[in-house]
1. Conditions first: (1) aliphatic (A, V, I, L, M); (2) buried (at least 24 other Cβ atoms within 10 Å of the Cβ); (3) more than 16 Å from the ligand (Cβ to nearest atom); (4) within 17 Å of residue 286 (Cα to Cα). Residue 121 passes all but one, so which condition is the exception?
2. Tell me, which helices (runs of 4 or more DSSP H) wholly within segment 46-156 include 1 or more residues that are out of contact with any Phe, Trp or Tyr (no Cβ under 9 Å at 6 or more places or on another chain) and within 24 Å of residue 186 (Cα to Cα)?
3. Would you mind telling me which numbered condition in (1) of a type in the set (Lys, Arg); (2) away from the ligand (no atom under 16 Å from the Cβ); (3) buried (at least 16 other Cβ atoms within 10 Å of the Cβ) residue 96 fails?
4. Across segment 34-68, what is the number of residues that are charged (D, E, K, R) and surrounded by 13 or more Cβ atoms within 10 Å (Cβ to Cβ)?
5. Given (1) among the basic types (Lys, Arg); (2) on the phi > 0 side of the Ramachandran plot; (3) crowded, with 21+ Cβ neighbours inside 10 Å, where does residue 271 come up short, assuming only one miss?
6. Is it the case that segment 159-168 has a residue that's within 16 Å of the ligand (Cβ to nearest atom), farther than 23 Å from residue 250 by Cβ, part of a helix (DSSP H, G or I) and without any contact (Cβ under 8 Å) to a residue 60 or more places away in the chain?
7. Do the conditions hold for residue 235, that is, is it surrounded by fewer than 18 Cβ atoms within 10 Å (Cβ to Cβ) and among the hydroxyl-bearing types (Ser, Thr, Tyr)?
8. Could you pull out the residue among 212, 243 that is closer than 30 Å to residue 99 by Cα and either under 13 Å from the mean Cα position of the chain (by Cα) or crowded, with 24+ Cβ neighbours inside 10 Å (or both)?
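The values are calculated or read from the model by the stated rules, or taken from the named source; none is laboratory data. Every value quoted in this text rests on a predicted model; they were computed, and no experiment measured them. Glycine also receives a Cβ, built like all others from the backbone with ideal geometry; neighbour counts cover every protein chain displayed.
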Amino acid sequence: MAFEGLSSRLQNVFGKLRGKGKVSEDDVNEAMREVRLALLEADVNFKVVKDFIAKVKERCVGLELTKSFTPGMVVIDIVNKELTELMGGTHTKLAKANKPPTVILMAGLQGAGKTTSSAKLAKMLQKDKHKPLLVAGDIYRPAAIKQLQVLGEQIGVPVFTLGDQTSPVEIARAGLQQAKDNGNDYVIIDTAGRLHIDEALMDELRQIHEITKPDEVLLVVDAMTGQEAVNVAQSFHSQLELTGVILTKLDGDTRGGAALSVKAVTGCPIKFAATGEKIEPLEPFHPERMASRILG
Ligand code: GDP
């Protein structure tokens, strides 16, 4: 299970606080030392941890902890609120174009879960009574087009393709036109990933961006890669105004660092969390629920 280590460590720290009738400044400092270590071990970005601890301590200072009825709970509540803030505060909704179709550009490294997440996103939209169109823009990875077609068929969502001999920019343009012609209110463009970020990939994404003017540019990142996911998000964001992140593989035993650092480092909200290889509707990411889950 994701966050298991972090969760049990934090619960341990707070178990000690919870039982105390009085909480002194030393108790808070000791708890924060342990929280700091737990976050670092969960692979949360160093600077993010530092700021986080400073904020929690600042909120604890001046609280008359000894007079509070349940002082330990007050501290835990502060940590809960700051954790929620760290992950973006509230859920950030998917953007909607004033005039349909809403265009969603999917980006990310190979293997992050772009194609799978595109299908999950389509399924979520379909569940909400929308008519999405999937566009197969990954012409480089062998079988990527076929994979999207199979998933599309499985969930009953049309997939637009021009094969692998047409440029992805042209495919995106034609796919958007097809959506307009067929009355699809959402277009999800699956793009090529690479093993590493390279100029050619970014160039291609920028051109697709230019031509389709997406309402959402969603970066798909693999939560299992921890800080690397955050680095990837930062690089993409600096070159291609991202509007949100889809964090995949939260079903795995990720330590959670990516989920806790991406928003703080890039300013980009996590909009969806993905779990499992099966095509289920994508789950909106709710920071407050995630914080409560971590704190147990
Ligand atoms: P792409 O190269 O970014 O398009 O990645 P794919 O969508 O092909 O996914 C790569 C692998 O990760 C596939 O085996 C997927 O089944 C798997 N995968 C994708 N998303 C998830 C997820 O949320 N959880 C798990 N466990 N596996 C996932």
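1. (3)
2. Working: elements: 46-60, 71-86, 114-127, 144-155.
Fully inside segment 46-156 and qualifying: 114-127, 144-155.
3. Unmet for residue 96, out of (1) of a type in the set (Lys, Arg); (2) away from the ligand (no atom under 16 Å from the Cβ); (3) buried (at least 16 other Cβ atoms within 10 Å of the Cβ): (3).
4. Final tally of qualifying residues: 9.
5. That leaves (2) as the condition not met.
6. Narrowing segment 159-168 to residues within 16 Å of the ligand (Cβ to nearest atom): 159, 161, 164, 168.
Remaining after also requiring farther than 23 Å from residue 250 by Cβ: 159, 161, 164, 168.
Now restrict to residues that are part of a helix (DSSP H, G or I): 168.
Adding the requirement that they be without any contact (Cβ under 8 Å) to a residue 60 or more places away in the chain leaves 168.
Yes, some residue in segment 159-168 is within 16 Å of the ligand (Cβ to nearest atom), farther than 23 Å from residue 250 by Cβ, part of a helix (DSSP H, G or I) and without any contact (Cβ under 8 Å) to a residue 60 or more places away in the chain.
7. Values: surrounded by fewer than 18 Cβ atoms within 10 Å (Cβ to Cβ): yes; among the hydroxyl-bearing types (Ser, Thr, Tyr): yes.
Here the answer is yes, as residue 235 does meet what is asked.
8. Details: 212 fails: either under 13 Å from the mean Cα position of the chain (by Cα) or crowded, with 24+ Cβ neighbours inside 10 Å (or both).
Every option except 243 fails the conditions.
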